[in-house]
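Enquirer: Can you keep this structure in mind? I'll have questions shortly.
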Amino acid sequence: MKSFITIAFVLVSSVVVMCEPPNPQIRQYIDECNKEHNVSPKDFQEFNEGKLSSPSEDLKCSMHCFLIKQGSMDEAGTFKPDVAKTSMPNDDKFAAAVDACKDKTGSSACETAFEIAQCIMSHK
């Protein structure tokens with residue numbers, strides 16, 4: 001379950017880390033993207049807990065950044081569900097969440113990343 005939450009944000013979007021991610025590279029991507037986009041640990045944690053009522057553009061773009069680094073999204077905001085699923089290859093629940101959320105879109109690449117991450121996290 002902790003891994004699912006981690007990858008979800010991380011398919012995040014964040015996502016996703018009140019718990020330690022199973023892969024140190026994922027933690028590094030999250031930290032780098034949050035720093036690059038000025039996302040505070042508090043905002044990131046509140047997003048993970050579903051308590052952030054009004055996410056900033058910076059948070060949305062941090063999720064986009066993470067998905068790019070992780071390989072699940074390109075710069076234009078095209079989501080790559082097959083790549084996302086390989087991050088947790090033996091987790092059918094995660095794969096089902098990716099399938100349910102893969103067609104979410106937003107008005108920008110950052111918004112699309114956020115919509116997908118939020119959707120996947122809602123399936124945890």
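The values are calculated or read from the model by the stated rules, or taken from the named source; none is laboratory data. Just so it is clear, the structure is predicted and the values come from calculations on it, not from any experiment. Neighbour counts run over all protein chains shown; Cβ positions are idealised from the backbone, glycine included. Protein only, heavy atoms only, side chains kept; ligands, DNA and RNA dropped before computing areas. Shrake-Rupley method; radii C 1.70, N 1.55, O 1.52, S 1.80 Å.
Enquirer: How much length is gained if the chain between SER54 and GLN25 is pulled fully straight, taking 0.36 nm per residue apart and subtracting their Cα-Cα distance, in nm to one decimal? Walk me through the intermediate numbers first.
Expert: Numbers: separation 29, 0.36 × 29 = 10.44 nm, distance 2.82 nm.
Difference between extended and current length: 7.6 nm.
Enquirer: Using packing as a proxy for protection, rank 52-59, 24-31, 94-101 so that the peptide with the highest average count of other Cβ atoms within 10 Å comes first.
Expert: On the way: 52-59: 14.6, 24-31: 16.9, 94-101: 19.0.
So the order, starting with the most tightly packed, is 94-101, 24-31, 52-59.
Enquirer: What figure, in Å² to the nearest 10, do you get for the accessible area of THR86 with a 1.4 Å probe and non-protein molecules left out?
Expert: 100 Å²
Enquirer: Taking 0.36 nm per residue of separation and subtracting the Cα-Cα distance, what length does fully extending GLU75 through ASP91 add? Walk me through the numbers before you get to the answer.
Expert: Details: separation 16, 0.36 × 16 = 5.76 nm, distance 2.66 nm.
Value of the extension gain: 3.1 nm.
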